[in-house]
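Asks: Please read through the structure below; I'll follow up with questions.
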Amino acid sequence: MSPGLAAQTLHAALEFVDTPTPGFGTAAPATLANGDLSEMTTTFIRWIAVAITSVAFALGAIMLPSRADDGPESRQANSATASHSLAVTEKKPMDGKKRSYSCILLWMSGGPSQTDTFDPKAGNIALFKPMDTNVKGLQFTELFPALAKHANHLAIIRSMSHREGDHLRATYLMRTGYAPGGGVTHPSVACALAKELSADRPDVPRHIAINPMAMLQLASSPGFLGPQYGPIKIGGSRFGEPGAGLALPAVEMFEELAKGKGKVHRDAVAKAFDLTAEKAETHDAYGKTRFGDGCLLARRLIETGVPVVEVTLGGWDTHGNAVALTKARAMELDAGLSALIKDLHERKKLETTLIVWMGEFGRTPRINASAGRDHYPMAFTAMLAGANIKGGQAIGKTSDDGALINDRSVSPQEFLATIYESVRIDPRRANKTDGGQIVPLVERGNNAIKEALR
């Protein structure tokens, strides 16, 4: 073991002692239900962890992969590995044609309750009744009658799990696949996709974000990839802010992200912003809400060739009054997402457009004293549809009380790897920071959810 690695190992052990570790995996479900994840790791467990680490350190038994800065030989080997991983495993489509993929990311800021949406439960933990979908045996809650008709396109991952109970930390983890800190600002999945999917589309914007939230700026940034892969932001930027509508931005905003191409990019998407060009019944189907209009605009932007569009729906942080708040958010989501899937499918665009639905974590199965649900990262739900996704299924299973995962735990890294593979990007593909550190899209050792892919 190199001296550099030895020092890093000891430092990591000491940092583990000094730093609260929210959501340690052995915590009792009752502690998790309180929403106070900092209590889940005891001092005793911390010192046991350090003792084990120290013994392993002394014996030279910790043989972790060398970092890129351990020495010239290590850097050379890692560079070769990164170079090798740049190859994309391109599966041939059934029609034999190479396809250009796009992604629409629907970000549910605040953390929607899995129990009240797509992993319904019975008994006193349920706020809403379960409802059948067009897939036998697959149920949603009663809040999604329109979306239930399109369940055959959806892969519901009911066993998402991590241990970050703080909004910002969990958001960063879910959107980048990395824990925050360490001196590196990692690109969000949307920005990484913008880089990977835009190479053959020089005359359209790479990435547009609709109704983004300012508080999530770090977890939405392109990080070390550079500002050119960041989004053009449309609409409001703060939680609860009515926003400035979905007007076409000034040419300067396009020019800022694509020097010399601002006017070309703006002209390419100008017509997409005219939602009045849609038939009245089509516009009505999306719900005519801020989120619904965002979904409609996303579809129109994808049709112009924009590779990545993100639409945010906030307001899922339901610590109190969960019934009313969840109903309001679900109404927007049900209309917007079901209309989006229907339109893309009818226009033959769903097979090349990935739809990602996710938030930073879920909510406690237990209902609190304020008639709400608290933060719960240990078992929650995310969803995929479209490009190379095998729809009509639920992957993973939680216990009857919703507190534990009974089958197929899925990490944020595995979920992100599935996103990349579904649009034919190798998740092992790596980028290099300005400091020379090699960073793969997804940390090595994390594989895609194979049962979710066609």
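Only the coordinates and a few stated rules stand behind these numbers; no lab work does. Note that this is a predicted model, so its numbers are computed, not measured. Methodologically, a virtual Cβ is constructed for each residue, glycine included, from the backbone with ideal geometry; neighbour enumeration extends over all protein chains shown.
Asks: Got a sec to turn the phi values of the range 196-211 into Karplus ³J(HN,Hα) couplings, 6.51 cos²θ - 1.76 cosθ + 1.60 with θ = phi - 60°, whole Hz, x for Gly and Pro?
Replies: Couplings: 6, 9, 9, 4, 9, 9, x, 9, 10, x, 6, 7, 10, 10, 9, 6 Hz.
Asks: Could you check the simple spin-label distance between S100 and E451, using points 7 Å along Cα→Cβ, in nm with one decimal?
Replies: Placing both labels 7 Å along Cα→Cβ, they lie 3.6 nm apart.
Asks: Calculate the translational D of the range 251-403 in whole µm² s⁻¹ from Stokes-Einstein, where the hydrodynamic radius comes from the Kirkwood formula applied to all Cα pairs, the temperature is 37 °C and the viscosity 0.692 mPa s.
Replies: 185
Asks: Measuring from centroid to centroid over Cα atoms, what is the spacing of the range 128-199 and the range 265-328 in Å?
Replies: A separation of 17 Å, based on Cα centres.
Asks: Which listed residue (L404, G436, A379) has the Cα farthest towards the positive end of the charge dipole for the range 373-454, taking +1 on Lys and Arg C-beta and -1 on Asp and Glu C-beta about the Cα centre?
Replies: Looking along the dipole axis, the top candidate is G436.
Asks: Using θ = phi - 60° and the Karplus form 6.51 cos²θ - 1.76 cosθ + 1.60, what ³J(HN,Hα) does each residue of the range 345-353 get, whole Hz, x for Gly and Pro?
Replies: The phi angles translate into 5, 5, 8, 6, 10, 5, 5, 10, 10 Hz.
Asks: Now, a different point. Where the Cα atoms of the range 378-448 are projected onto their three principal axes, how long is each span, largest first, in whole Å?
Replies: Taking max minus min along each principal axis of the Cα atoms, the range 378-448 gives 48, 26, 16 Å.
Asks: Calculate the radius of gyration of the Cα atoms of the range 102-452 to one decimal place, then report Dmax, the largest Cα-Cα distance, as a whole number, both in Å.
Replies: In order Rg, Dmax, the Cα atoms of the range 102-452 give 19.0, 60 Å.
Asks: On a full-extension model of 0.36 nm per residue, what is the gain between V323 and S409, subtracting their alpha-carbon distance, rounded to one decimal in nm?
Replies: Separation in residues times 0.36 nm, less the Cα-Cα distance, equals 28.2 nm.
Asks: Mind listing the long-range amide H neighbours of I389? Cut-off is under 5 Å, sequence gap 5 or more, other chains count too, H placed in the peptide plane at 1.01 Å from N.
Replies: Amide H neighbours of I389, under 5 Å, 5+ apart: R454.
Asks: May I pose another question? Tell me, what ³J(HN,Hα) does each residue in the range 254-265 have, in order and in whole Hz, if you take phi through Karplus 6.51 cos²θ - 1.76 cosθ + 1.60 with θ = phi - 60° and put x for Gly and Pro?
Replies: So the Karplus estimates, Gly and Pro as x, are 6, 5, 4, 9, 8, 4, x, 10, x, 5, 4, 5 Hz.
Asks: Oh, and also: If r is the Cβ-Cβ distance from D203 to R444 and R0 is 51 Å, what FRET efficiency results, to the nearest 0.05?
Replies: With a Förster radius of 51 Å, E is 0.90.
Asks: Let me ask something additional. Ordered by packing density, taken as the mean number of other Cβ atoms within 10 Å over each peptide's residues, highest first, how do 259-269, 312-322, 113-123, 440-450 rank?
Replies: Result, highest mean first: 113-123, 312-322, 440-450, 259-269.
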